[in-house]
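Chemist: The structure's right below; bear with me while I get my questions together.
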Amino acid sequence: MIAQGRSIGARYSRISVVEGVHLDVRGGEMLAVLGANGAGKSSLFGAIAGIVSGTGTINVDGVELGGMLAHNRASHGLAFVPERRGNVFSTLSVRENVDIGLRLLPPAEREAQRAVVMELFPILKTRQDSAAGVLSGGEQQMLAIAMALGRKPKLLLLDEPTQGLAPMVFDILEHAFNVLKGLGLALLLAEQNLPFAARVADRYMVLSHGQVVRQGDKADLARPEELADALLG
Ligand code: ATP
């Protein structure tokens, strides 16, 4: 098991918005966290990443991250691509953004990892000298993921990566996620786009009012009508 969370909670000041979430993600697997607006998906991811106040334990590849600051979790194999756009430095070039993602890897490993991420998103290779700010929304999302991959994470958190993007980008993301699974990463995906989750996820859990109300494997995702009640919260 690459990632194991127990009794994860998230709160803002004294208000608890996520409680008692247990999750397990193996290497080479994607777990989708589904739920309506406000169900707590982003807060759960924030608590796992250490940017939202949280409780519980989060073990990644044998190391307990629960008490660590966000940047220490990041150096222990956890990478987070948040929901909102603006995860790239718009005045810097694509290459410079990728370099920022790679900066914490030992220098000897950087070029090999650069090749991995450029192969994952070939469009970025052709746009290396462009300012990130002129890229399309889909290209910026690819760049944000490329940056998150820069330090060879073991667990990658993706918060609604398809939000606001054209369906043609979905194919590129699906391919990339399959490659990452093949490389043995554990993937956690927050998603409201059920058809996309059905394409890429191996298992799912549904959050409602900050608690897990249903979970299962991929087969259920092909029958969204059965999940409707849980998803509407
Ligand atoms: P969405 O898909 O809309 O992002 P979500 O499932 O990710 O929804 P969260 O954004 O985690 O849900 O929100 C969970 C709850 O926490 C909501 O009730 C929301 O209003 C509240 N919340 C989110 N961010 C904050 C904040 N910074 N301060 C206080 N409450 C917050």
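Chemist: Using the Cβ atoms and a cut-off under 9 Å, what net charge is assigned to the surroundings of K218, where Lys and Arg are +1 and Asp and Glu are -1?
Modeler: Result for the neighbourhood of K218: -2.
Chemist: At 222 nm, what value in deg cm²/dmol follows for the chain if DSSP H runs of at least 4 each add -39500 (n - 2.57) and the sum is divided by all its residues, to the nearest 500?
Modeler: -10500 deg cm²/dmol, from helical runs alone.
Chemist: Which net charge results for the neighbourhood of E19, defined as the other residues with beta-carbon distances under 15 angstrom from its beta-carbon, given Lys and Arg at +1 and Asp and Glu at -1?
Modeler: So the surrounding residues net to +4.
Chemist: Apply the Karplus parameterisation 6.51 cos²θ - 1.76 cosθ + 1.60, with θ equal to phi minus 60°, to every residue of the stretch 211-226 and state each ³J(HN,Hα) to the nearest whole Hz, in sequence, with x for glycine and proline.
Modeler: Working through the residues one at a time gives 10, 6, 10, 6, 8, x, 10, 3, 4, 5, 5, 7, 10, x, 4, 6 Hz.
Chemist: Still on this structure, please answer the following. Per residue of the stretch 92-104, in order, report the coupling 6.51 cos²θ - 1.76 cosθ + 1.60 (Karplus, θ = phi - 60°) as ³J(HN,Hα) in whole Hz, putting x for Gly and Pro.
Modeler: 8, 6, 4, 4, 5, 4, 4, 4, 4, x, 8, 5, 8
Chemist: What's the ranking of 204-210, 217-223 by average number of surrounding C-beta atoms within 10 Å, highest first?
Modeler: By packing density, highest mean first, the sequence is 204-210, 217-223.
Chemist: Enter the Cα centre distance for the pair the stretch 1-45 and the stretch 61-96, rounded to the nearest angstrom.
Modeler: After rounding, the separation between the Cα centres reads 17 Å.
Chemist: Here is a further query. Got a number for carbon plus sulfur as a percent of the chain's accessible area, 1.4 Å probe?
Modeler: Solvent-exposed carbon and sulfur of the chain make up 54 percent of the total.
Chemist: Report, by chain and number, residues whose modeled amide H sits under 5 Å from the one on G20, excluding near sequence neighbours (fewer than 5 apart, same chain).
Modeler: Amide H neighbours of G20: I8, G9.
Chemist: Using mean Cβ contacts within 10 Å as the protection proxy, how do 80-91, 39-50 order, highest first?
Modeler: So the order, starting with the most tightly packed, is 39-50, 80-91.
Chemist: Gaussian network model of the chain, Cα springs within a sub-10 Å range: biggest mean-square fluctuation belongs to which of V52, V17, V63?
Modeler: V63
Chemist: Calculate, for the chain, the solvent-accessible area per residue in square angstrom, rolling a 1.4 angstrom probe over the heavy atoms of the protein chains.
Modeler: Averaged over the residues of the chain, the accessible area is 45 Å².
Chemist: Quick one: how many Å² of V25 are accessible to a 1.4 Å probe, rounded to 10?
Modeler: 0
Chemist: Going from most exposed to least, what order do T162, T57, T126 have by accessible area with a 1.4 Å probe? Could you put the intermediate results ahead of the total?
Modeler: Details: T162 5, T57 60, T126 110 Å².
So, going from the largest accessible area down, we get T126, T57, T162.
The values are calculated or read from the model by the stated rules, or taken from the named source; none is laboratory data. Remember, predicted model here, so these are calculated numbers, not experimental data. Every residue, glycine among them, receives a Cβ derived from its backbone with ideal geometry; neighbour counts consider all protein chains shown. Quick note on the areas: whole protein, heavy atoms, side chains included, nothing else; ligands and nucleic acids left out. Shrake-Rupley method; radii C 1.70, N 1.55, O 1.52, S 1.80 Å.
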